[in-house]
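First up is the structure itself, then whatever we jot down about it.
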Amino acid sequence: MNTLTIAVPVEHNEGLNSPISAHFGHSPGFVIASIIDGKVEDVKVISNSSHSSCAEPVQMLAEKGVSVLIARGMGRRPLMHSQNMGIKVVISSGNTVREVIENYLSGNSTIMDIDQTCGGGQHH
């Protein structure tokens with residue numbers, strides 16, 4: 001059995017139909033999807049509670065077992081912290097959680113690198 005846990009920052013909770021948030025750190029919440037043998041088996045939504053550092057949401061996702069984070073935008077520090085925690089960060093391709101997960105599972109995604117990060121506090 002092949003299991004993967006994916007997190008996607010979202011604007012509000014509509015499960016797999018949730019619109020993705022433009023920026024990781026400013027998202028109101030995250031959809032966390034368990035993928036078993038290439039199929040979405042479980043979907044949960046958690047809030048992105050107030051935080052004093054960009055490391056806190058990354059730590060929270062790591063504690064939930066997330067190994068892939070699909071995001072449209074993210075700052076340099078949370079990207080580096082994600083990488084240090086063993087979380088692969090992928091640039092989202094699509095507008096809903098369903099679309100970005102399907103694109104990732106189909107191999108239609110790009111791993112985010114430092115040159116693709118944005119400045120702190122900017123909206124996209």
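Can you say whether residue 69 is part of a strand (DSSP E or B), aliphatic (A, V, I, L, M) and within 16 Å of residue 92 (Cα to Cα), as far as the supplied structure shows? Criteria met by residue 69.
Would it be correct to say that residue 106 is free of Cβ contacts under 8 Å to residues at least 12 places away in the same chain and exposed (fewer than 15 other Cβ atoms within 10 Å of the Cβ)? When the stated conditions are applied, residue 106 passes them. Checking 82, 92 one by one, the residue that is surrounded by 20 or more Cβ atoms within 10 Å (Cβ to Cβ), modelled with pLDDT under 90 and of a type outside the set (A, V, I, L, M, F, W, C) is 92 and no other.
No other residue among 25, 65 is in contact with a strand residue (DSSP E or B) (Cβ under 9 Å, 6 or more places away or on another chain) and surrounded by fewer than 19 Cβ atoms within 10 Å (Cβ to Cβ) apart from 65.
State all residues of region 14-24 that are within 10 Å of the chain's Cα centre (by Cα), in a loop (DSSP other than H, G, I, E, B) and in contact (Cβ under 8 Å) with a residue 60 or more places away in the chain; if no residue qualifies, say none.
Step one: list which residues in region 14-24 are within 10 Å of the chain's Cα centre (by Cα), which gives 20-21, 23-24.
Within this subset, residues satisfying the condition of being in a loop (DSSP other than H, G, I, E, B) are 21, 23-24.
Once the filter is applied, which keeps residues that are within 10 Å of the chain's Cα centre (by Cα), in a loop (DSSP other than H, G, I, E, B) and in contact (Cβ under 8 Å) with a residue 60 or more places away in the chain, region 14-24 yields only 23.
The values are calculated or read from the model by the stated rules, or taken from the named source; none is laboratory data. Since the structure is predicted, the reported quantities are computational estimates derived from the model, not experimental observations. All Cβ positions, glycine included, derive from the backbone under ideal geometry; neighbour counts span all protein chains shown.
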